[in-house]
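Asks: Below: one structure in structure tokens.
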Amino acid sequence: MNADSDTIVGISTAPGAAGIAIVRISGTESLAIADQIIRCNRRISSLAGNNMAHGFVADGNDIDEVVVLVFKAPHSYTREDVVEIQGHGGSICARRILSAVLRHGARMAEPGEFTKRAFLNGRIDLVQAEAVIDLINAQSERAASSAIEQLEGKLSDYIRTCYDKMLTAAADLEYSLDFEEGDLGDDYFRKIAELVENVNVTLEEILNTWEEGVLLREGLKIVISGPPNAGKSTLLNGLLGRNRSIVSETPGTTRDTIEEQSVLEGIPVRYVDTAGLRDASCTVEQDGVRRAKESIATAGINIRVIDGSAPLEASQKPEEWPNADHWLIVLNKADLGLVMRKSDFPVNLRCVECCLHDETGIKTVRDALKVMINISTGSTMPHATISERHRAMIQYAQNELNECMILLKQRGEESAAEAAAALRRATEKVGEITGHFYTDDLLTKVFSRFCVGK
Amino acid sequence: MNFEIIVVGGGHAGCEAALAAARLGAKTVLITPKKETVARMPCNPSIGGIAKSHLVHELQALGGEIGRNADATGIQFRTLNTRKGPAVRATRIQCDKAAYSKRMLNVLETTPNLHIAEQLMTEFLIESNTVVGVIMDNGELLYSAAVIFCPGTSLGGTIHVGDVKEPGGGDGAPASHGITEQLRELGFRISRLKTGTPPRLDKVTIDYNAMEIQPGDYPPPLFSDPLELPSLFHVEHPETAQIPCFLTHTTAKTHEIIRSNLSRSSLYGGHIVGTGVRYCPSVEDKIVKFPNHASHHVFIEPEGVTSPLAYPNGISNSLPRDVQDALVASIPGLASARIIKYGYAIEYDYSDPTQLFPSLETKLIKGLFFAGQINGTTGYEEAAAQGFMAAINAVRMVRNQNPIILRRDEAYIGILIDDLVTKGTDEPYRMFTSRAERRLLLRQDNAQFRLCGRAGEIGVVDQAILKETNIAELRIATEIKRLNSLRVGSHSCLELLRRPEVKYGDLPCALNSLSGRLVCELENRVKYEGYIMRETKDAARMSGIESTLIPDSFDYVSTPSLRIEAREKFLRIRPRTLGQAVRIPGITPADISILAVFLRRHSASIRNQL
């Protein structure tokens, strides 16, 4: 259970294209956290309420140039100390600021939580409270499909395994504390320390793959593929508005995948330009084709560029349409007269006819992509924030496990109670992810592992 | 006859309740079948042990009697978990059972305002959902404003030895009948629990040479301040005057005997329906559930100086007598031991403790309080803690004062009662240190300090003692400051003392004038400062919801948006604080948010009406 005295943080602006994004922090630690992450010619906490400052958010490296607004309790929306960080629009910057704040001890706000605090602290009136209830109900519906189900299957299995191992270690430790069973020996505590260390390694691995996952999620992957010389690189350059790929008349110019970051509809995207799909002769090119196919398989959106002025060769046919929703067919070279038409493709497939050499052709593709992004981001955005929250929880658990392990290794049985306290905090935190309750699970575990009592 | 408080039952809950009520000046009567049976120990002959010792120290700090009674009648004194840090260190005292009971009776009889009625209670007198007194089996009526009911295992008690069963309250006490029926009629949910006890051996027939001796500690650790006990009942506790315990074990033969007779055990023969204790399993349980264990400990504990009985701790069972004979004989040192009293299992009625407010008053009947095993607990210490708190709150109710509810982060007693009234229990509930969220704050050594304020509020402990505690607190704080200012080489004395291997006495500037207790408390505060601060901070983080009271008038039924399940649970438990509401099993954070919002609205509307 989160106490209402926690410091919470959230991105207050809606995702999408906007000039600025606002990250809002509320609670007793807000000013202290702002001091730690904002580089500014004066300390944020020294500002009077209702004041602003200019500075940089930095957590190691500079993240964003920002304007900071300070509201001091009780003169704020939540009647707590509130810091609003206004950074550049688009979600990458906001998300980085968010994770910096989380790393310095704030907790991700639940939906409606700022408003809930405003109400609980007497800031808004009773009529508005009804709206708060709606928000909370929305939250509980989401909670009903428990947090763990929102994680990817394999990951949640790993975390469950970790929880179980932590519980086993905790049971062994608690057994040594709650039952007088004579001298258990140093070995007993060393083994617990090893188990804890083992869990910590697994958590580290989870965190690593998770960070990769978050990075992936930071950009929606749009893969451009198609036969050689269909106009893939022209499309990429057109979308980016500059020359990145080498464009030439010679088929097979792009021998490897090329990645570019950009923003579309306020959503970060990663364009991947692939080697032309053909039966390549040289090994370098074969490699490029193989990588192109890998990219296609992992894309959020696939664009298949086809030269519409020539008949489709058998080898150029989209080999399969695993998820037609994510495919966009671009029939290029309309200026040369199309022999392939939209109607030649299945009706459920998005398809545009255009000439990529002029600006209207690029715009046609971009508009089609925007429609597709708006459909797909509805589901991808919340996932990214949830994983941020879980990441912070796992990092917290790791620190506690580390403390537990060091105590046990250095002082063994003498430090068992302190080690157990750290292990308990870690296990409770991971239990929050998996939806388990420490005390109940713990005693059951102790009784199943040990024959206790005289 | 008219009283302010009636206490029914003279076990550990009842004695503590009667004493606390009378010491607060309430005119009190204790009803017990026979004076001589008060404060009996029908199971193991010791007070304290891990986590239970914490309860006793807390009672000692608040003005309970159990600690002093154990100190005065102890025959072996030990500190457990000595190597594991102060949070789990615990005192255990083996007592002379007869002396324990006798001294407690003496305290009861010499306490002003306290009367003892040697009777059986047969019925509660109830008027419009309020208890007004009790009827006794001689037909006499006793009237009072509050009744504290502590029947132990006597309600519907059934004793099982093998396939033989007979009614009984345990340890030779009668079972009471009729009261369960009345409680059910009043609407109480009543179920069955089971517990058991080992056979008692004739101590002179035991061969102690075949066993490992377990001597007591010297100097003897006590629950109370030795200065409060000018003359200890039994001995002046020189090392040799303590009576040792002995350790032996079950053998392959023991296990074989039990296995081949399982069908004759009342537990495994299907004669018992009540739920048993997982952590105090019968020897049948141990062998069935842990088939890989070749052997289990058996502790031979004396029941008293003059008592002929020895208590073989570890072989509680409900097997037929002939099997018990064979079983005992298969244990090293007990080949020719004679059983004086056979082991038995006892089934008894208990009332679902979620039917109580945290004050231990029942929600159904005003003025009726339950304490001890009727609430599903096991253990003398757990019973004593409930008896004490029930009496405090009964007296406060009579005097129109708010109840005193100890929080989970201030006392194990608070954890015990909160767990019971919030979560209920379906097996006999025993205290463990792992039940405490902030274990490092709840040490036995600091009970006197952390509960000094509460003791003042309660009013049983003498003001002079509380004043001394405050002075001691001040001395510790002053000494910590002093140690911080004195330097040895490049370190302050305080820094030196933080090291695990350094003791206060090792410091060149150590004062001789600090008592052993103060030194212990000082060392713990200094050495564990970081951990203690961490837990204090965690506790403070939760203090908001823990101190948000939910008025009893709060209307869950017309609170929109609450899930049906949440509403039913809130209505059933009627949590006193938001913190308690959080702990109700099955309640989600979203339920609490909604409750918090409407609580705010509720209090606003009450303000508007004023």
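Asks: To make sure I understand the rule: partners must be lysines, Cα under 29 Å from the Cα of A:LYS221, and not fewer than 8 residues away in the same chain. Which ones qualify?
Replies: Result set, ordered by chain and number: A:LYS154, A:LYS232, A:LYS293, A:LYS317, A:LYS333, A:LYS342, A:LYS363, A:LYS370.
Asks: Under 15 Å Cα to Cα from B:LYS34, which aspartates and glutamates show up? Leave out anything in the same chain fewer than 8 places away.
Replies: B:GLU109, B:GLU118, B:ASP137, B:ASP171
Asks: Report, as an integer, the average count of C-beta atoms from other chains found within 10 Å of each Cβ along B:588-600. Don't skip to the end; give the middle numbers.
Replies: On the way: counts 6, 8, 10, 3, 4, 14, 7, 0, 5, 9, 2, 1, 7.
If you average over the peptide's residues, the count of other-chain Cβ atoms is 6.
Asks: Please list, by residue number, everything in segment B:437-456 whose backbone N is under 17 Å from a paramagnetic label point 7 Å out along Cα→Cβ of B:ASN470.
Replies: B:448-456
Asks: Report, in cubic angstrom per residue, the convex hull volume of the C-alpha atoms of chain B. Intermediate results must be reported in sequence, preceding the final value.
Replies: Details: hull volume 111.0 nm³, N = 610.
Enclosed volume per residue, from the Cα hull, is 182 Å³.
Asks: I want to make sure I understand the PRE zone here: with the label point 7 angstrom from the Cα of A:SER5 toward its beta carbon, which residues in segment B:535-551 have backbone N atoms less than 17 Å away?
Replies: Residues B:535-549 fall inside that zone.
Asks: Say each of B:LEU507 and A:LYS363 gets a label point 7 Å from the Cα, pointing the same way as Cα to Cβ; how far apart are those two points in nm?
Replies: Here the modelled spin labels are 8.1 nm apart.
Asks: Could you give the size of the charge dipole of segment B:13-104 about its Cα centre, using +1 on the Cβ of each K and R and -1 on the Cβ of each D and E, expressed in debye and rounded to the nearest 20? Walk me through the numbers before you get to the answer.
Replies: Details: 15 positive and 6 negative charges, 36 e Å.
With only Lys, Arg, Asp and Glu charged at Cβ, the dipole is about 180 debye.
Asks: If each of B:TYR218 and A:HIS54 carries a label point 7 Å out from its Cα toward its Cβ, how far apart are those two points in nm?
Replies: 8.2 nm
Asks: OK, next. Taking a threshold of 31 Å on the Cα-Cα distance, which of the pairs A:LYS429/B:LYS503; B:LYS165/B:LYS569; B:LYS194/B:LYS253 fall above it?
Replies: Details: A:LYS429/B:LYS503 36 Å; B:LYS165/B:LYS569 38 Å; B:LYS194/B:LYS253 27 Å.
From A:LYS429/B:LYS503; B:LYS165/B:LYS569; B:LYS194/B:LYS253, over 31 Å: A:LYS429/B:LYS503; B:LYS165/B:LYS569.
Asks: So who's got an amide H within less than 5 Å of the one on B:ILE75, skipping anything under 5 residues away but keeping other chains? H placed 1.01 Å off N, in plane.
Replies: Amide H neighbours of B:ILE75, under 5 Å, 5+ apart: B:GLN94, B:CYS95, B:ASP96.
Asks: Round to the nearest 0.05 the FRET efficiency obtained for B:GLU185 and A:ASN208 when R0 = 60 Å and r is the Cβ-Cβ distance. Walk me through the numbers on the way to the answer.
Replies: Working: r = 64 Å, r/R0 = 1.07.
The computed FRET efficiency comes out at 0.40.
Asks: Next question. Sort B:CYS452, B:CYS520 by Cβ crowding within 10 Å, fewest neighbours at the top.
Replies: Values: B:CYS452 22, B:CYS520 17.
In increasing order of surrounding Cβ atoms, one gets B:CYS520, B:CYS452.
Asks: In this model, which of A:LYS409/A:LYS445; B:LYS102/B:LYS289; B:LYS52/B:LYS537; B:LYS97/B:LYS366 are farther than 30 Å apart at the alpha-carbon? Display every interim value, and only then the final one.
Replies: On the way: A:LYS409/A:LYS445 23 Å; B:LYS102/B:LYS289 40 Å; B:LYS52/B:LYS537 26 Å; B:LYS97/B:LYS366 36 Å.
Result: B:LYS102/B:LYS289; B:LYS97/B:LYS366 exceed 30 Å.
Asks: Sorting A:LEU423, A:LEU240, A:LEU235 on the 10 Å Cβ count, fewest up front, what's the list?
Replies: Details: A:LEU423 30, A:LEU240 16, A:LEU235 25.
The fewest-first ordering by Cβ neighbours comes to A:LEU240, A:LEU235, A:LEU423.
Asks: List the longest stretch of chain B that has no exposed loop site; here a site is one of the GluC sites (Glu not before Pro) assigned by DSSP to anything other than H, G, I, E or B, with at most 10 other Cβ within 10 Å. Mind dumping the intermediate values first?
Replies: Working: sites that count: B:GLU236, B:GLU501.
It runs B:237-500.
Asks: So, one more: Given the options A:GLY60, A:GLY112, A:ILE11, identify the residue whose Cα lies farthest towards the positive end of the charge dipole of segment A:8-124 (+1 on Cβ of Lys, Arg; -1 on Cβ of Asp, Glu).
Replies: Value: A:GLY112.
Asks: Using the count of nearby Cβ atoms within 10 Å as a rough guide to exposure, how do A:ILE222, B:ILE340 rank from fewest to most? Walk me through the numbers before you get to the answer.
Replies: Numbers: A:ILE222 25, B:ILE340 15.
In order of increasing Cβ crowding within 10 Å: B:ILE340, A:ILE222.
Asks: Give me the percent relative contact order of chain B, please, defined on Cα pairs under 8 angstrom at least 6 residues apart. Working shown, then result.
Replies: Working: 1272 pairs, mean separation 106.8, N = 610.
Across chain B, relative contact order equals 18 percent.
Asks: Round to the nearest 0.05 the FRET efficiency obtained for B:ARG338 and B:SER260 when R0 = 22 Å and r is the Cβ-Cβ distance.
Replies: On the way: r = 23 Å, r/R0 = 1.05.
The computed FRET efficiency comes out at 0.40.
Asks: For segment A:8-124, give the magnitude of the charge dipole about the Cα centre (Cβ charges: +1 Lys/Arg, -1 Asp/Glu; no others), in debye to the nearest 20. Before the final figure, lay out each step's value.
Replies: Numbers: 13 positive and 11 negative charges, 44 e Å.
Here the size comes out at about 200 debye.
Asks: Oh, and also: Given the convex hull of the Cα atoms of segment A:8-124, what is a quarter of its surface area in nm²?
Replies: Numbers: hull surface 26.2 nm².
With the hull built on Cα positions only, its mean projection is 6.6 nm².
Asks: Now a separate question. Residue by residue through A:420-426, how many Cβ atoms from other chains fall within 10 Å of the Cβ on average?
Replies: Counting Cβ atoms of other protein chains within 10 Å of each residue's Cβ and averaging gives 4.
Asks: Still on this model: Which value, in debye to the nearest 20, describes the size of the charge dipole of chain B about its Cα centre when Lys and Arg Cβ atoms bear +1, Asp and Glu Cβ atoms bear -1, and nothing else is charged?
Replies: Details: 69 positive and 66 negative charges, 354 e Å.
Dipole size: approximately 1700 debye.
Bear in mind that the values in this text are calculations on the coordinates, not laboratory data. Computed from a predicted structure; not experimentally measured. Glycine also receives a Cβ, built like all others from the backbone with ideal geometry; neighbour counts cover every protein chain displayed.
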